[in-house]
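For reference, the structure is listed below as structure tokens.
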Amino acid sequence: MTRHIRHAGYFCALLLVALLLNAARVQVVQAPSYDRNPGNRRPDITRYEQPRGDILVGGRPVTGSRDTREHLRYERTYTDGPMYAPVTGFASQLYGTTLLENTEDGVLSGADPMLAPFPLWNDFTRARNAGGDVVTTLHPAAQEAAYRGLAGHKGAVAALEPSTGRILALVSAPSYDPQPLSGNGSAAARAWSRLTADKDRPMLNRAVRQTYPPGSTFKVVTAAAALDAGVVTDIEAPTDTPDPYPLPGTRTRLTNASKGCANASVREAFTFSCNTVFAKLGVEVGLADMTATAHAFGFGNGELRVPFPVARSTFDTSLDQAQLALSSIGQYNTRATPLQMAMVAAAVANGGQVRDPYLVERTTRPGGSTLATAGSRAIRQAMYPSTAVRLRAMMRDVVENGTGRHAAIRGAKVGGKTGTAQHGLGNSGTPYAWFVSWAQGDRDLAPRVAVAVVVEDAETDRGHISGGGDAAPIARAVMEAVLKSPAQPSG
Amino acid sequence: MSKAGITVATADPPAPAVRRLPRRRGIELALIVLAVLLSVYGYCAVGLARHGALPPGAAGYGAGLGVLALLAHLAVRLRAPYADPLLLPIGVLLNGLGLVLIYRLDLETPGDRAAPAQLVWSTLGVALFILVVLLLRDHRVLQRYTYVCVVAALILLTLPILFPAVNGARLWIRIAGFSIQPGEFAKVLLAVFFAAYLAANRNALAYTGRRIWKLQLPTGRVLGPIVAVWLVSVGVLVLERDLGTSLLFFGLFVVLLYVATGRTGWIAVGLLLAVLGAVAVGRLEPHVHSRIETWLDPFASIEAGEGANQLAQSLFAFAEGGMLGTGLGLGHSVLIGFAVKSDFILATAGEELGLAGIGAVFLLYGLLVERGFRAGLAQREPFGRLLAVGLATLVALQVFVIAGGVTGLIPLTGMAMPFLAQGGSSVVTNWAIVALLVRVSDSARRSYDGQDAR
């Protein structure tokens with residue numbers, strides 16, 4: 001019997017070994033794949049176990065966290081949600097994250113290993129770091145001015161600090177409140193289906209993700225190309241331009257909205273936005289130089305991130321002469337995001353230098369100590385400094401004497417350019433009203449702000465839609481807000 | 001032949017009439033104190049992890065567990081001084097750890113607190129342990145009650161059929177708010193019956209009857225009654241859909257038959273029958289069929305968009321634990337759902353104590369089983385041997401079936417992890433098992449000492 005008891009004992013030992021080996025298989029070998037299984041809610045639970053870090057505008061958080069005492073414990077809250085939604089995006093337990101909530105998620109959620117005082121020790125203790133904060137470059141007053149200016153319209157505003165590329169305002173209208181999307185209940189699902197079904201697409205970030213034909217605001221680029229290429233040496237000299245101008249190789253005749261464009265000088269043509277002169281200039285500059293200048297301003301760059309990705313603005317590289325003429329006045333296939341046009345204005349204001357725009361000034365640890373600062377940004381020379389000086393003068397003319405009078409600010413130097421972009425089949429759509437501008441206070445050494453405004457559906461009747469009437473006042477409000485505040489140390 | 005005989009003769013020293021085995025009660029006491037301290041430590045760890053403060057009941061919990069354990073220890077000192085000093089401390093530690101885990105899970109389900117009831121049942125269990133140790137002076141007395149045991153076991157097994165089903169299985173009877181699982185008690189009674197019957201008939205089983213190929217079949221007159229009992233109990237369990245326990249009884253039956261008769265053929269027959277039965281039941285019974293499918297692909301329900309099932313949640317919990325665990329109180333095994341405190345209690349241990357903790361728990365069970373087998377080996381008379389082996393096998397098989405089920409090694413069958421899981425009947429039964437093992441081991445070592453129990 002003893003022998004058989006021993007055998008039965010060995011059998012039980014075998015069972016024990018099988019259990020131990022299997023436990024090791026599950027807990028060590030298979031564990032990583034189980035952790036990644038979509039049915040495993042632990043990553044979500046861990047993620048929402050602690051309040052999320054905040055996004056700061058002007059030193060004040062525009063986000064918060066609410067303790068729901070539920071399984072997914074902390075939910076995102078937003079202050080002035082619709083105003084900042086094109087910057088913050090949303091952080092939803094059901095629908096993930098977008099925009100800064102998405103690109104800065106590592107810092108905000110505390111997952112970023114940089115937040116750990118001793119990274120390896122953290123792996124060992126499994127402690128999760130408290131979420132860090134994200135300090136934005138936004139100028140709260142400028143953002144508010146842009147948001148209020150666009151109220152009731154469809155459109156977007158982007159404002160930059162020309163010398164640094166800091167984004168001072170980024171607004172898209174109509175907007176939405178990200179707050180109802182935060183949770184995981186049926187209210188979040190309802191809000192989601194309502195927002196996604198809305199034909200006005202409130203969750204579309206028009207300032208960076210939507211491209212529009214830039215219309216006459218693109219004449220800034222064409223003028224820069226013409227001056228840089230030496231096609232125009234004297235901006236006061238009359239150009240040999242017929243009105244109307246027959247597009248090369250076609251019977252189509254290009255006309256102007258304003259009078260007095262025949263043989264107008266470049267300066268006059270810029271001030272009164274003569275299509276004929278700039279279409280002809282573009283043809284004279286040639287495709288290669290036009291493309292090079294447009295790309296120097298940032299057109300064609302699909303890699304720009306602020307840190308969320310910006311839609312590619314386009315200037316076609318294969319055009320016939322007529323298409324080149326139309327492209328040079330911001331029509332045909334020329335398309336730009338509002339942010340791109342703000343970069344154009346900023347380049348003029350900044351002596352011809354383009355700085356890539358950015359939205360995150362720095363990220364901090366929970367205590368406020370700096371985690372990372374905005375690194376150096378790509379700088380390109382879009383035009384000669386001398387060209388920028390002449391363009392600045394021309395843009396000031398637009399505001400002082402031309403189509404951009406609504407943007408004038410007492411006691412400040414303001415330069416601008418209006419645009420009315422036609423779109424739709426046979427120009428059937430309501431034209432887009434554009435305005436790009438920059439402003440320099442009388443005590444400032446350099447322009448402090450560059451703005452681009454686009455209004456998709458200016459509510460005046462069609463004949464009166466113009467960048468000067470609808471978009472310029474919004475730009476002025478944004479510029480005034482920036483000029484009123486004391487100059488910030490540049491980041 | 002002669003050489004072998006000489007070897008045996010020299011290896012077997014003459015029975016030492018005066019040699020005294022050490023009693024080692026001091027070691028048992030020290031280990032009990034350690035077990036209680038470990039449990040209190042776990043209780044405090046949960047409180048610190050969850051509330052940042054020592055739980056208010058820590059002192060009371062420690063005192064309660066300590067007093068129970070000390071009373072049990074005194075009973076052993078008094079009436080079973082030669083008993084194996086490891087059995088009782090292992091029971092105390094496993095029971096204490098179970099209480100910690102249930103208390104910890106109670107924090108997740110404030111509306112459904114199971115720890116207080118479990119504490120009451122643990123007290124009853126230890127009381128039963130003390131009663132058995134004090135009153136059952138010699139385990140051989142049980143042999144007189146062979147048929148009382150089998151009748152009682154069958155009655156207990158059939159009783160729940162008269163009561164409404166809970167969660168699809170008729171395993172419980174509810175009296176005054178307490179639910180009792182009579183099948184749990186039936187385990188011990190059947191183990192006693194099998195041991196007693198096989199001890200009484202082992203020669204007839206081994207040496208009579210016809211021989212088919214290599215298998216010596218006992219006569220139907222000898223084998224008949226025990227097969228009948230086994231068939232009835234398994235049949236009842238199938239009716240009650242308690243397939244885990246029927247598997248347990250089958251394994252117990254085969255192991256004891258093998259040990260009693262020494263015939264390897266029984267193992268082959270047992271395995272064959274087990275495979276045939278498993279295939280048949282797996283094919284025919286929808287409940288079991290779905291469990292087998294779940295076992296084969298635990299994540300099918302996730303891919304089907306129906307969320308994670310219990311087994312998948314259990315595997316996620318084990319995986320989250322990794323080597324060292326998340327720490328007591330810091331896991332999310334509550335996601336497993338309603339059986340988290342009972343069938344799936346091991347998943348909480350796996351998540352919060354890690355592979356290290358689970359390995360320690362398995363080794364504790366292994367040690368308990370090993371001490372059971374050792375008691376059987378040291379015992380000289382066949383009933384005691386078979387009883388100890390049967391009880392140890394019961395624990396081993398039960399741990400294997402439930403632990404293998406929740407870790408995806410074998411298809412899941414609902415069973416209670418001995419001592420750890422929520423469930424009063426189970427705790428009481430396991431204390432009875434430990435009490436009987438203490439009794440058998442005491443008698444074995446006492447007789448080795450040359451002093452008969454009476």
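The values are calculated or read from the model by the stated rules, or taken from the named source; none is laboratory data. Quantities reported herein were computed from a predicted structural model and do not represent experimental measurements. Cβ sites come from the backbone with ideal geometry, for glycine too, and all protein chains shown count toward neighbours. For accessibility, only protein heavy atoms count, side chains too; no ligands or nucleic acids. Shrake-Rupley method; radii C 1.70, N 1.55, O 1.52, S 1.80 Å.
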*asked:* Being within 13 Å of chain A (Cβ to nearest Cβ), in contact (Cβ under 8 Å) with a residue 40 or more places away in the chain and either surrounded by fewer than 24 Cβ atoms within 10 Å (Cβ to Cβ) or in a loop (DSSP other than H, G, I, E, B) (or both) is the filter here; which residues of the stretch B:330-348 pass it?
replied: B:Leu330, B:Val334
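Go through the stretch B:244-272 and report how many residues are farther than 23 Å from B:Leu189 by Cβ and in a helix (DSSP H, G or I).
Qualifying residue count for the region: 6.
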*asked:* I'd like to check something: does the stretch A:270-289 contain any residue that is aliphatic (A, V, I, L, M), under 23 Å from A:Gly352 (Cα atoms), surrounded by fewer than 24 Cβ atoms within 10 Å (Cβ to Cβ) and in contact with a strand residue (DSSP E or B) (Cβ under 6 Å, 6 or more places away or on another chain)?
replied: no
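Take A:Glu49 and tell me if it is in contact (Cβ under 8 Å) with a residue 40 or more places away in the chain and within 14 Å of chain B (Cβ to nearest Cβ).
Considered against the rule, which asks whether it is in contact (Cβ under 8 Å) with a residue 40 or more places away in the chain and within 14 Å of chain B (Cβ to nearest Cβ), A:Glu49 comes out as yes.
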_Whether any residue in the stretch B:182-202 is hydroxyl-bearing (Ser, Thr, Tyr), touching a Pro at 6+ places or on another chain (Cβ under 8 Å) and modelled with pLDDT of 75 or more is what I want to check._
yes
_Count - residues of the stretch B:94-116 that are open to solvent by 40 Å² or more (accessible area, probe 1.4 Å) and part of a helix (DSSP H, G or I)_ = 1
*asked:* For the stretch A:399-406, check the following and say yes or no: at least one residue is closer than 27 Å to A:Tyr332 by Cβ and either free of Cβ contacts under 8 Å to residues at least 60 places away in the same chain or part of a strand (DSSP E or B) (or both).
replied: no
*Within the stretch A:241-256, can you find the residues that are in a strand (DSSP E or B) and surrounded by fewer than 18 Cβ atoms within 10 Å (Cβ to Cβ)?*
A:Pro246, A:Arg253
*Residues located in the stretch A:152-172, provided they are open to solvent by 10 Å² or more (accessible area, probe 1.4 Å) and under 29 Å from A:Leu94 (Cβ atoms)*: A:Lys154
*Those residues of the stretch A:330-350 which are open to solvent by less than 10 Å² (accessible area, probe 1.4 Å) and assigned to a loop (DSSP other than H, G, I, E, B), in sequence order*: A:Gly330, A:Thr334, A:Thr337
*Assuming B:Val369 fulfils every condition listed in (1) facing chain A (nearest Cβ under 8 Å); (2) of a type in the set (A, V, I, L, M); (3) closer than 27 Å to B:Ser333 by Cα apart from one, which condition is it?*
(3)
*Whichever residue in the stretch B:376-400 is more than 9 Å from every other protein chain (Cβ to nearest Cβ), among the hydrophobic types (A, V, I, L, M, F, W, C) and farther than 13 Å from A:Ala8 by Cβ and, among such residues, is most open to solvent (accessible area, probe 1.4 Å)*: B:Ala378
*Of residues in the stretch A:1-19 being more than 7 Å from chain B (Cβ to nearest Cβ) and either within 10 Å of B:Val259 (Cβ to Cβ) or among the aromatic types (Phe, Trp, Tyr) (or both), the one least open to solvent (accessible area, probe 1.4 Å)*: A:His7
*Being within 13 Å of A:Gln179 (Cβ to Cβ), part of a helix (DSSP H, G or I) and open to solvent by less than 30 Å² (accessible area, probe 1.4 Å), is that true of even one residue in the stretch A:67-82?*
yes
*Which of the residues spanning the stretch B:310-329 are polar (S, T, N, Q) and either under 25 Å from the mean Cα position of the chain (by Cα) or open to solvent by 40 Å² or more (accessible area, probe 1.4 Å) (or both)?*
B:Gln310, B:Gln313, B:Ser314
